[in-house]
1. Keeping to region 17-40, report how many residues are at pLDDT below 55 and crowded, with 16+ Cβ neighbours inside 10 Å.
2. Taking region 160-194, which residues are in contact with a helix residue (DSSP H, G or I) (Cβ under 7 Å, 6 or more places away or on another chain), in a loop (DSSP other than H, G, I, E, B) and within 14 Å of residue 114 (Cβ to Cβ)?
3. Report the residue count in region 64-79 for those that are more than 16 Å from residue 12 (Cα to Cα) and touching a helix residue (DSSP H, G or I) at 6+ places or on another chain (Cβ under 9 Å).
4. Considering only residues of region 64-87 that are in contact (Cβ under 8 Å) with a residue 12 or more places away in the chain and out of contact with any strand residue (DSSP E or B) (no Cβ under 9 Å at 6 or more places or on another chain), which is farthest from residue 17 (Cα to Cα)?
5. Of all residues in region 47-61, count the ones that are farther than 17 Å from residue 146 by Cβ and either part of a helix (DSSP H, G or I) or at pLDDT below 95 (or both).
6. Among the residues of region 88-103, count how many are surrounded by fewer than 14 Cβ atoms within 10 Å (Cβ to Cβ) and either touching a residue at least 40 places away in the same chain (Cβ under 8 Å) or under 24 Å from residue 121 (Cα atoms) (or both).
7. Could you tell me whether residue 163 is surrounded by 13 or more Cβ atoms within 10 Å (Cβ to Cβ), more than 30 Å from residue 194 (Cα to Cα) and either in the same structural domain as residue 177 (by TED's automatic domain parsing) or out of contact with any strand residue (DSSP E or B) (no Cβ under 7 Å at 6 or more places or on another chain) (or both)?
8. So which residues in region 147-159 are at pLDDT 90 or above and buried (at least 16 other Cβ atoms within 10 Å of the Cβ), if there are any at all?
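The values are calculated or read from the model by the stated rules, or taken from the named source; none is laboratory data. Bear in mind the structure is a predicted one, so any value in this text is a computation, not a measurement. Positions of Cβ are backbone-derived with ideal geometry, glycine not excepted, and every protein chain shown enters the neighbour counts.
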């Protein structure tokens, strides 16, 4: 399972439960965690805060401390597949149904992320693989994963919105073209009523420009 240098992740397919172990940290990090809360605690509390306002996040079922000072957290598997996989699977297929599905996904994703931001939440690492999407009869359902570093501030600072939009823009151009990115952004913008047209334009242009620096130079698409 996908892990980081400071975590270990396992999955029980039969019970549909994820186990995430947070490894013991340095004394300085432990001291800071006493003020901010440990990563395991923040993951659980932040997910619960999202769920409280109707934004899907993993449900925690069991948590605690390990003898070496680390912590663990069990969560119920959320339905769906990463948005990055959805977009890669529907890129340049030429199938009209796949194209329609892709556009629907991007528009509904923009609405979902706009609602997250309008509620005051900013995700810690809002990359497409940290958003699950499952297709339902009336549209898509999205779930935010890895919520350890989320913040909630109202009004939400523009620099935090910009960071999330940059993170969402990091798929290559041959997977998500310029038109697709604008389709997402317009849906996102409709949820962000407190933004002026000038502020919204700056966020759109800057997030794309900065993300473009990180994208492969040998791929392009019009979306």
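1. Of the residues in region 17-40, 1 are at pLDDT below 55 and crowded, with 16+ Cβ neighbours inside 10 Å.
2. Once the filter is applied, which keeps residues that are in contact with a helix residue (DSSP H, G or I) (Cβ under 7 Å, 6 or more places away or on another chain), in a loop (DSSP other than H, G, I, E, B) and within 14 Å of residue 114 (Cβ to Cβ), region 160-194 yields only 192.
3. If we filter region 64-79 for residues that are more than 16 Å from residue 12 (Cα to Cα), which is where we start, we get 64-71.
Filter again for touching a helix residue (DSSP H, G or I) at 6+ places or on another chain (Cβ under 9 Å), leaving 64-65, 69-71.
So the count comes out to 5.
4. Here the residue is 87.
5. Within region 47-61, residues that are farther than 17 Å from residue 146 by Cβ and either part of a helix (DSSP H, G or I) or at pLDDT below 95 (or both) number 1.
6. Count: 1.
7. Working: surrounded by 13 or more Cβ atoms within 10 Å (Cβ to Cβ): yes; more than 30 Å from residue 194 (Cα to Cα): no; either in the same structural domain as residue 177 (by TED's automatic domain parsing) or out of contact with any strand residue (DSSP E or B) (no Cβ under 7 Å at 6 or more places or on another chain) (or both): yes.
Here the answer is no, as residue 163 does not meet what is asked.
8. First, pick out the residues of region 147-159 that are at pLDDT 90 or above: 147-153, 157-159.
Across region 147-159, the qualifying residues are 147, 148, 150.
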